[in-house]
Amino acid sequence: MAVDAWILGAPLKVLRQEDHPYHETTLATLGRHELGLSRRDTLHGPGCELFLDGQSTFLPGAAAPGRAWFDLCRELGYEPARHWDWDPALILFHQVVPALAADWHEPPMALDAQGLPDGVLSLAGLRQAFAEAVAGLRRDHLSPVGAKVAETFEWLPLRAVVFHDDAQLPLDFEGTGPCGRVSLWLGIHRDRPVVLEGQSPAGPGSRRWATEGLGGGPPAEAFLLAAGLDPEPPKGFDSTLQSALVQICRRMEGPLDAYRRTYPVGISWHHGRRERLLGRTIVDIRPGNPPVLILDDGAEVAMDPDPVPTWEHGGI
């Protein structure tokens, strides 16, 4: 496992491995939590069961790990909008499980083309669905302007999905989650994304979608800049762009709803500034104007080079 790819703000330490024929087991710690991975014969065939603090959190056939794993990821600093291309399922099956089973004689699980156990829904599947929706733009928009819009989205892959949960919000009409917002973050640079905001409807039907992160500029220019393309749109680009957004969002509704049902209700996936800095360690300082502190989770904090004198606030 590459250290620079590790997402969670605590080390994974393998404690003990037991190797009996077809009953391999690994115990480890992740921060103050205990993990266990054991081979199991299940109704879905040979596979593995994952334990978190002594409780089962995943068995083959499940669409996602249990809520405890999502809570742990949130506790250890995972944030969808910051950790692009990752979600709790991918962290578990692409980072944690391979580390736990590194010395096993048999693969821990049968994996699909995305490197996940069969049936598991993840951000990787949603990104594939988004890419297929964008590919549909090429087939449906054959004009030069349509080709330019399709090229724009090809340079704006889906990088993160954020559910804006609030435990106080009422459940939706199916009783599976709150009537809150979902954000689709698109971009090639973290500091220059465009965000599609979807508001869940009060009853059956599609979400209402709007575009955020435009910086006050025209939508066409914002999308082209985020894609790294010439910001001067051709004639007719705006209307074709809006048509493409409607088409993409409509095609994403089904996969997004299925993915939403794998996420537990009521987990806030946002850190405020205080929570983001609390307990962090400064690991480097980047000179500049202003200087920037690099924290142990990769966050960057700009320093005020000219603090206000205390006497201006009534100090001595």
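The values are calculated or read from the model by the stated rules, or taken from the named source; none is laboratory data. Just so it is clear, the structure is predicted and the values come from calculations on it, not from any experiment. A quick note on method: Cβ atoms are made from the backbone with ideal geometry, for glycine too, and the neighbour counts reach across all protein chains shown.
Structure summary
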item	result
Residue match in the range 211-221 (condition: acidic (Asp, Glu), at pLDDT below 85, more than 22 Å from Pro255 (Cβ to Cβ) and out of contact with any Lys or Arg (no Cβ under 9 Å at 6 or more places or on another chain))	no
Gly272 over 22 Å from the mean Cα position of the chain (by Cα) and modelled with pLDDT under 90	no
Pairs, first more than 14 Å from Val161 (Cβ to Cβ) in the range 253-268, second at pLDDT below 90 and not acidic (Asp, Glu), C-beta under 7 Å, six or more apart	Val265/Gly177; Val265/Pro178; Gly266/Ala167
When residues of the range 180-210 are limited to those that are modelled with pLDDT of 85 or more and among the aliphatic types (A, V, I, L, M), the one surrounded by the fewest Cβ atoms within 10 Å (Cβ to Cβ)	Ile188
The range 64-79, residues that are assigned to a loop (DSSP other than H, G, I, E, B) and surrounded by fewer than 20 Cβ atoms within 10 Å (Cβ to Cβ)	Gly66, Leu76, Glu79
Any chance Phe93 is of a type in the set (Phe, Trp, Tyr), part of a strand (DSSP E or B) and modelled with pLDDT of 85 or more	no
Condition check for Asp172: modelled with pLDDT under 55 and crowded, with 17+ Cβ neighbours inside 10 Å	yes
Of all residues in the range 243-269 being polar (S, T, N, Q) and within 26 Å of Arg67 (Cβ to Cβ), the one that is modelled with the highest pLDDT	Thr262
Strands (runs of 3 or more DSSP E) wholly inside the range 1-50 containing at least 1 residues that are closer than 19 Å to His105 by Cβ and modelled with pLDDT under 70	12-18
Selection within the range 85-114 - surrounded by fewer than 17 Cβ atoms within 10 Å (Cβ to Cβ) and within 15 Å of the chain's Cα centre (by Cα)	Asp85
